[in-house]
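The values are calculated or read from the model by the stated rules, or taken from the named source; none is laboratory data. No experiment lies behind these values; they were computed from the predicted model shown. When we count neighbours, we look across all protein chains shown, and the Cβ atoms used for this are built from the backbone with ideal geometry, even at glycine. Accessible surface is based on the protein model in full, side chains and every heavy atom, while ligands, DNA and RNA are left aside. Shrake-Rupley method; radii C 1.70, N 1.55, O 1.52, S 1.80 Å.
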Amino acid sequence: MRCGLHLHDLKGPNLTSTILVTGGAGYIGSHMILGLIDRGDRVVVIDNLSTGVREQVCSDAELVEGDVADTELVRDILKRRKVDAVIHFAGSVIVPESVTDPLKYYDNNTGATRNLLAACIAEGVSRFVFSSTAAVYGMPDTTIVTEETPTAPINPYGRSKLMTEWMLRDIAAAHPFRFMALRYFNVAGADPAGRTGQSTPRATHLIKRACQAALGRVPALDIFGTDFDTPDGTGVRDYIHVSDLIAAHLLALDALAGGAESNVFNCGYGRGLSVREIIAAVERVSGNKVPAREGPRRAGDPGMLVADSSKLTRQLGWTPRHGDIDEIVKSAYAWEKHLA
Ligand code: UD1
């Protein structure tokens with residue numbers, strides 16, 4: 001992929017860092033690479049290409065095809081490339097799959113991260129940004145979730161990520177090591193410059209599936225559950241534009257570089273949208289009907305998950321810029337069309 005806008009090399013040569021991005025060929029990771037390259041950082045990517053797409057890795061980044069669970073390989077990369085910090089995306093993310101194949105999730109998310117962390121500790125890499133998830137909260141009693149809301153995951157995916165957060169805390173207590181765990185709500189949309197987007201062919205994300213249905217690439221969108229305790233009975237989520245999420249990662253990275261203590265942050269807008277509201281947005285943006293059929297709930301799905309992200313704004317100065325749902329859908333739809 002051609003990338004590197006190099007519009008705002010804000011940092012100048014002396015402050016350039018080398019960042020290892022795991023899972024950089026995936027949806028969020030490929031956007032992260034662009035965010036780093038655009039501001040002048042050097043990027044090394046490790047990805048086993050199990051779900052990621054090689055072409056989505058910006059050509060200004062170095063791609064190592066391999067597994068984050070391979071401690072020796074990761075140690076070699078950290079040492080040779082003089083890596084300053086790690087941003088860890090590699091893992092499995094499909095909630096229902098985690099219910100039917102839990103060991104895959106404990107392997108790919110928890111076990112693999114354990115090995116990656118062993119490499120970091122062995123090589124003295126002490127800054128780590130972790131891709132965590134709102135799924136650690138399970139089915140919260142409150143409508144809006146803060147970082148203080150008790151963690152009570154209801155599926156193996158959420159548990160595999162929460163276990164990783166626990167590992168991070170233990171390691172930070174035992175070693176000179178600091179981390180930021182970012183708990184994502186529902187990440188959506190694509191790079192506004194159209195350089196990358198959600199490319200995983202079998203992706204299950206609602207907005208992607210709805211765009212595919214609007215384009216006639218799938219016969220219909222399945223609405224998973226119409227009997228939730230939500231205003232219109234369908235699942236409610238807090239959809240966050242991937243560019244705003246990447247901005248949060250850059251802030252987290254810079255905070256660690258500036259000496260900040262380990263911390264945990266929610267990433268969302270505090271706005272819940274139902275499946276039906278998303279369908280309406282896709283129809284507005286595309287001008288096409290989204291054929292939909294109502295069906296039963298999916299295994300492991302909570303009814304409602306909405307973030308209170310005021311801590312991220314307060315402590316790291318995060319200012320979301322792409323929250324308008326039509327803007328999110330527009331970028332996702334443009335990318336989906338481009339994939340034809
Ligand atoms: C997503 C993330 C997960 C993250 C979580 C946090 C993915 C694959 N998973 O899970 O990593 O931790 O957000 O909130 O991005 N739906 C349909 N029809 C579809 C697809 C989805 O009705 O074809 C509904 C779901 O039941 C749910 C909502 O849309 O209510 C969002 O689903 P989805 O995009 O799959 O994300 P989550 O399962 O919420």
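Some points to look at:
- Any hit, segment 158-165, residues being more than 9 Å from the ligand (Cβ to nearest atom), at pLDDT 95 or above and aliphatic (A, V, I, L, M): yes
- Note on segment 12-63: among residues that are among the polar types (S, T, N, Q) and surrounded by 24 or more Cβ atoms within 10 Å (Cβ to Cβ), the one that is farthest from V86 (Cα to Cα) is Q56.
- Look at (1) over 27 Å from V282 (Cα atoms); (2) in contact with a Pro (Cβ under 9 Å, 6 or more places away or on another chain) and you find that R178 fails only one, number (2).
- Residues of segment 166-195 that are within 16 Å of the ligand (Cβ to nearest atom) and in contact with a His (Cβ under 9 Å, 6 or more places away or on another chain): L182, N186, V187, A188, G189, A190.
- Here E72, E97 are screened, and the one residue that is more than 25 Å from L206 (Cβ to Cβ), outside any loop (DSSP other than H, G, I, E, B) and of a type outside the set (S, T, Y) is E72.
- Scanning segment 264-287 for residues that are touching a strand residue (DSSP E or B) at 6+ places or on another chain (Cβ under 9 Å) and acidic (D, E) yields one hit, E277.
- From the list T164, T204, T151, the lone residue that is more than 30 Å from A122 (Cβ to Cβ) and of a type in the set (S, T, Y) is T204.
- When L339, L316 are checked against the criterion of being at pLDDT 95 or above and either among the basic types (K, R) or farther than 21 Å from G235 by Cα (or both), a single residue qualifies: L316.
- Within this structure, A152 passes the test of being out of contact with any Asp or Glu (no Cβ under 8 Å at 6 or more places or on another chain), open to solvent by 50 Å² or more (accessible area, probe 1.4 Å) and either more than 14 Å from the ligand (Cβ to nearest atom) or outside any strand (DSSP E or B) (or both).
- Scan of segment 217-237 for residues that are more than 7 Å from the ligand (Cβ to nearest atom) and either touching a helix residue (DSSP H, G or I) at 6+ places or on another chain (Cβ under 7 Å) or closer than 15 Å to V285 by Cα (or both), ordered by number: V218, A220, D232
- Candidates are the residues of segment 270-298 that are of a type in the set (S, T, N, Q) and away from the ligand (no atom under 11 Å from the Cβ); the one that is surrounded by the fewest Cβ atoms within 10 Å (Cβ to Cβ) is N288.
- Residues located in segment 237-255, provided they are touching a His at 6+ places or on another chain (Cβ under 7 Å) and buried (at least 23 other Cβ atoms within 10 Å of the Cβ): H241, V242
- Some residue of segment 300-307 being open to solvent by 20 Å² or more (accessible area, probe 1.4 Å) and either without any contact (Cβ under 8 Å) to a residue 24 or more places away in the chain or under 16 Å from R209 (Cβ atoms) (or both): yes
- Residues of segment 256-269 that are away from the ligand (no atom under 15 Å from the Cβ) and either of a type outside the set (A, V, I, L, M, F, W, C) or open to solvent by less than 20 Å² (accessible area, probe 1.4 Å) (or both): L256, G258, G259, E261, S262, N263.
- Count - residues of segment 202-231 that are farther than 26 Å from L49 by Cβ and of a type in the set (K, R): 0
- Scanning segment 308-321 for residues that are open to solvent by less than 20 Å² (accessible area, probe 1.4 Å) and more than 16 Å from the ligand (Cβ to nearest atom) yields one hit, W318.
- Scope segment 88-127; condition open to solvent by less than 50 Å² (accessible area, probe 1.4 Å), more than 16 Å from the ligand (Cβ to nearest atom) and β-branched (V, I, T); matching residues: V125
- Matching residues, segment 191-226, being hydroxyl-bearing (S, T, Y) and open to solvent by 40 Å² or more (accessible area, probe 1.4 Å): T204, T226
- Residues in segment 136-146 that are open to solvent by 10 Å² or more (accessible area, probe 1.4 Å) and either at pLDDT below 95 or touching a His at 6+ places or on another chain (Cβ under 7 Å) (or both): M139, P140, D141, T142, T143, I144.
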